[in-house]
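Novice: Below is one structure. I have some questions about it.
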Amino acid sequence: FTGILASLIRHRGVSGCMVVGEQDGMIVESNLQIGLNGVAFAALTASLYRKARRSAETAGFGATGFFELNADGGRVCAVGRDSLVLVVVAEPHVNVGLVRVELLRALEAFR
């Protein structure tokens with residue numbers, strides 16, 4: 001996953017990116033700026049993504065695609081496949097459209 005994470009972290013406004021286990025929130029691999037609490041973001045994102053995936057399936061929407069949490073202090077974006085979640089932690093002003101495209105493109109490498 002090193003190449004995938006290296007390409008994601010290069011985008012303006014991205015503070016970190018990681019691959020985490022959906023079920024346990026454990027970091028598989030990460031590329032984080034100093035000071036970013038990767039363990040907390042990994043656990044938070046895995047839990048939220050898991051709940052969003054289950055909710056979408058229960059509602060009959062099908063598979064969860066792109067997931068985004070937007071707050072005053074920043075954004076967390078995620079996509080997942082096969083029990084892994086690819087996470088980007090970013091500043092509030094990040095180009096979310098570009099992050100979304102790059103995450104979905106990177107997800108193809110998970111196959």
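Novice: List the chymotrypsin sites (Phe, Trp or Tyr not before Pro) within the range 12-111 that DSSP assigns to loop and that have no more than 12 neighbouring Cβ atoms inside 10 Å. Walk me through the numbers on the way to the answer.
Specialist: Values: sites: F41, Y49, F61, F66, F67, F110; in loops: F61, F66.
Loop-located and lightly packed - F61.
Novice: Rolling a 1.4 angstrom probe over the protein heavy atoms, how many square angstrom per residue are accessible across the chain? It would help to have the intermediate numbers written out before the result.
Specialist: Numbers: 5970 Å² over 111 residues.
Each residue of the chain exposes 54 Å² on average to a 1.4 Å probe.
Novice: So for the chain, averaging the separation of alpha carbon pairs under 8 Å that are six or more residues apart and normalising by length, what relative contact order in percent results?
Specialist: Details: 196 pairs, mean separation 30.4, N = 111.
Relative CO of the chain lands at 27 percent.
Novice: How many angstrom lie between the C-alpha centres of the range 1-57 and the range 68-111?
Specialist: 8
Novice: Measure off, as a whole percent, the carbon and sulfur share of the 1.4 Å-probe accessible area of the range 14-111, all protein chains present.
Specialist: Values: 2760 of 5150 Å².
Answer for the range 14-111 is 54 percent, counting heavy atoms of protein chains only.
Novice: Another question, if that's okay. With 10 Å bins from zero, work out the P(r) of the range 1-80 over every alpha carbon pair and list the percent per bin.
Specialist: 18, 50, 27, 5, 0
The values are calculated or read from the model by the stated rules, or taken from the named source; none is laboratory data. As the structure is a prediction and not an experimental result, all values here were calculated from the model. Quick reminder, even Gly has a Cβ in these numbers, built from the backbone with ideal geometry, and neighbours come from all protein chains shown. Heads up: the accessible areas ignore ligands, DNA and RNA and are worked out on the full protein's heavy atoms, side chains in. Shrake-Rupley method; radii C 1.70, N 1.55, O 1.52, S 1.80 Å.
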